[in-house]
Amino acid sequence: MGEVIVQALPFGIGVALSPFPIVGVVLLLATAKGRSNGPAFVIGWLVGISLVGGIVLAVSDAEDASKNGVAAAWVIWLKIALGALLLLIAVWQWKRRRSDEGTAKMPKWMRLLDHFSPSKVAGAGAVLSSAPPKNALLVIGAAAAIAQTGASTASQILALTVFAGISSLGVGIPVAIYFGAGEGAQQILDGLRRWIARNNNAIISVLSVVVGVKLIADAIRG
């Protein structure tokens, strides 16, 4: 059981540290609908990751991702491909990194989230959780890593649940600060937003390198 969960941990951390969605949640919490839209975004995010991860896990099991506890050849090649793509994303993001504060701007459509109803915000959270290339690769990689262990179905479902929970920490922590820090919450969240806006490309680049190298190293060992 422990091995199955450990396999998914790096991927969960990579998804959790998704800069723009975190900034989006912080902006949502600063609006009049923050008390309802913030938690709705987190719920949607959690559901989106669970759904995509569950589909990949089911397909991986159907395709025999593990043979007698050893990863199947297609899983090894999938890891190499995902790792290579993450390294390409890392290079691209590093070239786009910004050094001066405030130059990284939120996508226009994300700035409109505060006008959405809680149901629409939840839908946006579900899409943002696994649609961006980095997150999509990490969710697929996590599900494949869980499937390759050959653990029981119950253990794999538990590992996927833990992965989804860890992946939701990035957008969940600002909501927890909002409800738990009282009057000082907004100051804390504003500082977090500014820091992420200034360093978002570097964050994505470093995470992509770490997880990409892990995927390729695991594949070589396999």
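Could you tell me whether segment 198-207 includes any residue that is among the small types (Gly, Ala, Ser), assigned to a helix (DSSP H, G or I) and under 30 Å from residue 149 (Cβ atoms)?
There is at least one residue in segment 198-207 that is among the small types (Gly, Ala, Ser), assigned to a helix (DSSP H, G or I) and under 30 Å from residue 149 (Cβ atoms).
Kindly indicate which of 184, 172, 191 is part of a helix (DSSP H, G or I) and within 14 Å of the chain's Cα centre (by Cα).
Answer to the selection: 172.
When only residues in segment 145-160 that are polar (S, T, N, Q) and surrounded by fewer than 21 Cβ atoms within 10 Å (Cβ to Cβ) count, which is farthest from the chain's Cα centre (by Cα)?
152
When both residues are 6+ apart or on different chains and their Cβ atoms are under 7 Å apart, which pairs have a first residue that lies in segment 177-194 and is within 13 Å of residue 22 (Cα to Cα) and modelled with pLDDT under 80, and a second that is surrounded by 14 or more Cβ atoms within 10 Å (Cβ to Cβ) and of a type outside the set (D, E, K, R)?
Once the first residue is within 13 Å of residue 22 (Cα to Cα) and modelled with pLDDT under 80 and sits in segment 177-194, its partners that are surrounded by 14 or more Cβ atoms within 10 Å (Cβ to Cβ) and of a type outside the set (D, E, K, R) give 193/23; 193/26.
Which residue out of 164, 219, 136 is in a helix (DSSP H, G or I), more than 13 Å from residue 21 (Cα to Cα) and at pLDDT below 85?
The match here is 219.
Filter segment 171-206 down to the residues that are surrounded by 17 or more Cβ atoms within 10 Å (Cβ to Cβ) and basic (Lys, Arg) and list them by number.
193, 198
What do you reckon, is residue 126 over 21 Å from residue 4 (Cβ atoms) and at pLDDT 90 or above?
Yes: the conditions hold for residue 126.
The values are calculated or read from the model by the stated rules, or taken from the named source; none is laboratory data. Because the structure is a prediction, the values reported are computed rather than measured. Positions of Cβ are generated from backbone atoms using ideal geometry, with glycine treated the same way; all protein chains shown enter the neighbour counts.
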